[in-house]
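The values are calculated or read from the model by the stated rules, or taken from the named source; none is laboratory data. Computed from a predicted model, the values in this text were never measured in an experiment. Note: ideal-geometry Cβ built from the backbone for every residue, glycine included; neighbour counts use all protein chains shown. The area values use the complete protein model at the heavy-atom level, side chains included, leaving out ligands, DNA and RNA. Shrake-Rupley method; radii C 1.70, N 1.55, O 1.52, S 1.80 Å.
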Amino acid sequence: QVQLVESGGGLVQPGDSLRLSCAASGRTFSNYAMGWFRQPPGKEREFVSGISRSGGIKVHANSVKGRFTISRDNAKNTVYLQMNSLKPEDTAVYYCAAGSVATPKSVEEEYNYWGQGTQVTVSS
């Protein structure tokens, strides 16, 4: 029912910034909490950031806290991930996910829909 498409990834140097976008289809975007996950090469997928339906509650993994900020624009059916001070260890495929929950969760099981991912590479 919900289709998610990520964009904004690319190759950047350490210390650079990127803003990822996730565009959602449908007219019920505001019913979903949204999350960002990432999967570094050779590693398991991990939680990055989550945001509640209205955007009032935000959760960030310790590894990105203070550097990444999740936000959403329900009028545009879009969720964003602003990534600052990027590090090589941030290199991963970043996935957008939607869950039928009121507040953001940090586990994959709480999310029902997933995008295809966008590659972020941080290298000098």
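Being farther than 14 Å from Pro104 by Cβ, under 13 Å from the mean Cα position of the chain (by Cα), in contact (Cβ under 8 Å) with a residue 40 or more places away in the chain and open to solvent by 20 Å² or more (accessible area, probe 1.4 Å) narrows it down to one residue among Ser21, Ser25; which is it?
Matching residue, one of Ser21, Ser25: Ser21.
If I ask for residues that are among the small types (Gly, Ala, Ser), loosely packed, with under 15 Cβ neighbours inside 10 Å and assigned to a loop (DSSP other than H, G, I, E, B), which ones from the stretch 1-18 would you list?
Step one: list which residues in the stretch 1-18 are among the small types (Gly, Ala, Ser), which gives 7-10, 15, 17.
If we keep only those that are loosely packed, with under 15 Cβ neighbours inside 10 Å too, we end up with 7, 10, 15, 17.
Residues satisfying the conditions are Gly15, Ser17.
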Self-check item: Close pairs from the stretch 3-18: first within 19 Å of Ile70 (Cβ to Cβ), partner open to solvent by 60 Å² or more (accessible area, probe 1.4 Å) and charged (D, E, K, R), Cβ under 7 Å, at least 6 apart
Solution: Gly8/Arg19
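Scan the stretch 44-66 residue by residue and report those that are of a type in the set (D, E, K, R) and either without any contact (Cβ under 8 Å) to a residue 24 or more places away in the chain or at positive phi (or both).
Initially, the stretch 44-66 is screened for residues of a type in the set (D, E, K, R), giving 44-46, 53, 58, 65.
Selection gives Glu44, Glu46, Lys65.
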Self-check item: Enumeration of residues in the stretch 85-114 that are open to solvent by less than 60 Å² (accessible area, probe 1.4 Å), of a type in the set (S, T, N, Q) and in contact (Cβ under 8 Å) with a residue 60 or more places away in the chain
Solution: Thr103
Practice problem: Filter the stretch 52-78 for residues that are in a loop (DSSP other than H, G, I, E, B), of a type in the set (A, V, I, L, M) and over 17 Å from Gly9 (Cα atoms) and give the result. | Solution: Ile57, Ala61
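If we scan the stretch 74-81, do we find a residue that is under 13 Å from the mean Cα position of the chain (by Cα), open to solvent by less than 60 Å² (accessible area, probe 1.4 Å) and free of Cβ contacts under 8 Å to residues at least 40 places away in the same chain?
Residues of the stretch 74-81 under 13 Å from the mean Cα position of the chain (by Cα): 78-81.
Within this subset, residues satisfying the condition of being open to solvent by less than 60 Å² (accessible area, probe 1.4 Å) are 78-81.
Narrowing further to those that are free of Cβ contacts under 8 Å to residues at least 40 places away in the same chain: none.
For the stretch 74-81, residues under 13 Å from the mean Cα position of the chain (by Cα), open to solvent by less than 60 Å² (accessible area, probe 1.4 Å) and free of Cβ contacts under 8 Å to residues at least 40 places away in the same chain: absent.
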Quiz item: Which condition breaks for Gln119 when tested against (1) in contact with a Gly (Cβ under 8 Å, 6 or more places away or on another chain); (2) open to solvent by 60 Å² or more (accessible area, probe 1.4 Å); (3) part of a loop (DSSP other than H, G, I, E, B); (4) not small (Gly, Ala, Ser)?
Solution: (3)
Quiz item: Is there a residue in the stretch 28-51 that is under 15 Å from the mean Cα position of the chain (by Cα), surrounded by fewer than 14 Cβ atoms within 10 Å (Cβ to Cβ), not in a loop (DSSP other than H, G, I, E, B) and not acidic (Asp, Glu)?
Solution: no
